[in-house]
Amino acid sequence: MDRKEKLTVVECLRQEQANAVQLYLQYKGYHWNVAGPFFHDLHIMFDENAKHVLDTVDELAERQRILGMPAEYTLKQLLQSSTVMEEEKLPTNPKEMVEHLVLTHRLVIRGLKKGFELADRVSDLGTADLCTRLVQLHEKMEWFLRELLESPSPVLEGIAMGPVVSPRKEVPIPTGR
């Protein structure tokens, strides 16, 4: 891989490292601020996903170092490299939080696929493998979040629901012969 090709791959890695930092902060912000009937489950899910995303930051930075380039680490550098937009305000309910996370994962997945294509074109198997593994990770997290949205639930929108009670039905018990 020549220097120009390497710089192109590293720029993509930097972008995805910056996006991972933004997604990590998004998850932690939602983890700290989620409320409502699904508080416990979402609080835990957001924290677990944040940990997975944080691990990817290190992998992306180390891949830049393996390629002989420095890894960005200041907030200013990361903000400049990120394609994930900073949120201006906190979503108003858990459903909006989940919707924002789904969109962010989709953006990250697109960037990682672009990284794979670049790496594959220049025969950088290590970066191609890293991008493939991270696409799988983000696709799984996006799927879990999407499942929450695809199942209609006013609870996610912050609307409290009373207990669901189904009417009791008498089941005939067969008598002996």
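Listing for the model above:
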| item | result |
| --- | --- |
| Nearest 10 degrees, 0 to 90: helix 125-150 Cα axis against the chain principal axis | 20 |
| Distance in nm between pseudo-label sites at Leu149 and Lys89 (7 Å out along the Cβ direction from Cα) | 2.1 |
| Inter-site label distance for Val122 and Asn33 at 7 Å from Cα along Cβ, in nm | 3.8 |
| 222 nm mean residue ellipticity, helices alone, for the chain (DSSP H n ≥ 4; -39,500 (n - 2.57); rounded to 500) | -24000 deg cm²/dmol |
| Cα-based Rg / Dmax (Å) for region 79-150 | 14.4, 45 |
| Using alpha-carbon coordinates, inclination of helix 94-121 to the longest axis of the chain, degrees | 40 |
| At R0 = 45 Å, FRET efficiency that the Cβ-Cβ distance of Ile66 and Leu103 yields, to 0.05 | 0.90 |
| Distance (nanometres) between label positions extended 7 Å along Cα→Cβ at Leu75 and Lys4 | 3.8 |
| Region 3-150, relative contact order in percent, only Cα pairs under 8 angstrom and at least six apart counted | 30 |
| Cα gyration tensor, region 1-85 - rounded (a/c under 1.5), prolate or oblate | prolate |
| Linear extension gain, Ile44 paired with Glu11, 0.36 nm per residue minus alpha-carbon span | 8.6 nm |
| Within the chain: Cβ-based charge dipole about Cα centre, in debye rounded to nearest 20 (Lys, Arg +1; Asp, Glu -1) | 260 |
| Sorted by Cβ neighbour density within 10 Å, fewest at the top, the residues Tyr30, Tyr24 | Tyr24, Tyr30 |
| Shape call, region 23-68: gyration tensor on alpha carbons, a/c limit 1.5 | prolate |
| Tilt relative to the chain, helix 3-33 - C-alpha long axis, 0 to 90 degrees, to 10 | 30 |
| Approximate shape of region 3-150 as ellipsoid semi-axes (Cα gyration tensor, √5λ), whole Å, largest first | 29, 15, 12 |
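Coordinate-derived values only; no laboratory data. Computed from a predicted model, the values in this text were never measured in an experiment. A quick note on method: Cβ atoms are made from the backbone with ideal geometry, for glycine too, and the neighbour counts reach across all protein chains shown.
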